[in-house]
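See structure below.
The values are calculated or read from the model by the stated rules, or taken from the named source; none is laboratory data. Only a predicted model underlies this, so the values are computations on that prediction, with no experimental measurement involved. Reconstructed Cβ throughout: ideal geometry from the backbone, glycine too, with neighbour counts over all protein chains shown. What goes into the accessible areas is simple: the full protein's heavy atoms, side chains included, and nothing from ligands, DNA or RNA. Shrake-Rupley method; radii C 1.70, N 1.55, O 1.52, S 1.80 Å.
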Amino acid sequence: MHAVTDLLTANLHEVFGNRDPVSRRAAIDRIYTEDVVFSDPEGVTTGRDALENKAAALLADAPADFSFTEDGRRYADTQTGALAWAFGPPDAPAVHGVDVITVRDGRIATVLTMFAT
C-alpha cells in the first residue's frame, strides 16, 4: 500500500512530468488502479492506457524546458489528497493547477485536475 502523499508525488513527477515512456508506464502500472478515471477541463479518460496517452500527449506538445514543480503543501487523509503544481520553465511557469486524488487499495483510483484561472 502506498501513502497518499507518495502517490501525489508519483502522479506529478513519475507520470505527468516523466518524458521517458518506459519508466512512465512502469509508474502508471504501479500507482494507478486499472480503471483509473482522470478528469480535467478537456474531458474524462478511463483506464491506464488512456492516462498514459494523456501524459504522453501533454509532454510531446510541451517545450523541452517545461517541467512540473510542486507549488505548495500537500494535503492528505487516508484516501484523498491534493497537490498544487506549476508547469513551465523553472523561473516562469506557464500554468498553475491542483490535482485531487482518491485512493483505493493503495492505488490512485481518480485524478481531478483543475487549472488556475
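D105 passes all but one of (1) loosely packed, with under 15 Cβ neighbours inside 10 Å; (2) free of Cβ contacts under 8 Å to residues at least 60 places away in the same chain; which number fails?
Answer for D105: the failing condition is (2).
I want to confirm something. Restricting to the stretch 49-63 and keeping residues that are of a type in the set (G, A, S) and more than 17 Å from P90 (Cα to Cα), which single residue is most open to solvent (accessible area, probe 1.4 Å)?
My answer is A60.
Listed here are the residues, each with its yes/no results for (1) of a type in the set (S, T, Y); (2) farther than 17 Å from G81 by Cβ.
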residue	(1), (2)
T5	yes, no
A10	no, no
H13	no, no
F16	no, no
A26	no, yes
R30	no, no
V37	no, no
G43	no, yes
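Just give me the residues in the stretch 64-93 being in contact with a Gly (Cβ under 7 Å, 6 or more places away or on another chain) and either open to solvent by less than 50 Å² (accessible area, probe 1.4 Å) or closer than 14 Å to A10 by Cα (or both), in sequence order.
Matches in the stretch 64-93: F66, S67, F68, R74, A84, W85.
Results for (1) more than 13 Å from the chain's Cα centre (by Cα); (2) assigned to a strand (DSSP E or B), shown as yes or no for each residue.
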position	(1), (2)
T33	yes, yes
V36	no, yes
S39	no, yes
L51	no, no
L59	no, no
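Among the residues of the stretch 23-39, are any in contact with a strand residue (DSSP E or B) (Cβ under 7 Å, 6 or more places away or on another chain), more than 14 Å from A109 (Cα to Cα) and not charged (D, E, K, R)?
No, the conditions are met nowhere in the stretch 23-39.
Within the stretch 78-95, does at least one residue satisfy the condition of being aromatic (F, W, Y), touching a residue at least 24 places away in the same chain (Cβ under 8 Å), assigned to a loop (DSSP other than H, G, I, E, B) and over 25 Å from E34 (Cα atoms)?
Looking for residues that are aromatic (F, W, Y), touching a residue at least 24 places away in the same chain (Cβ under 8 Å), assigned to a loop (DSSP other than H, G, I, E, B) and over 25 Å from E34 (Cα atoms), one finds none in the stretch 78-95, hence no.
Of all residues in the stretch 4-33, which are aliphatic (A, V, I, L, M) and open to solvent by 50 Å² or more (accessible area, probe 1.4 Å)?
Scanning the stretch 4-33 gives V22, A26.
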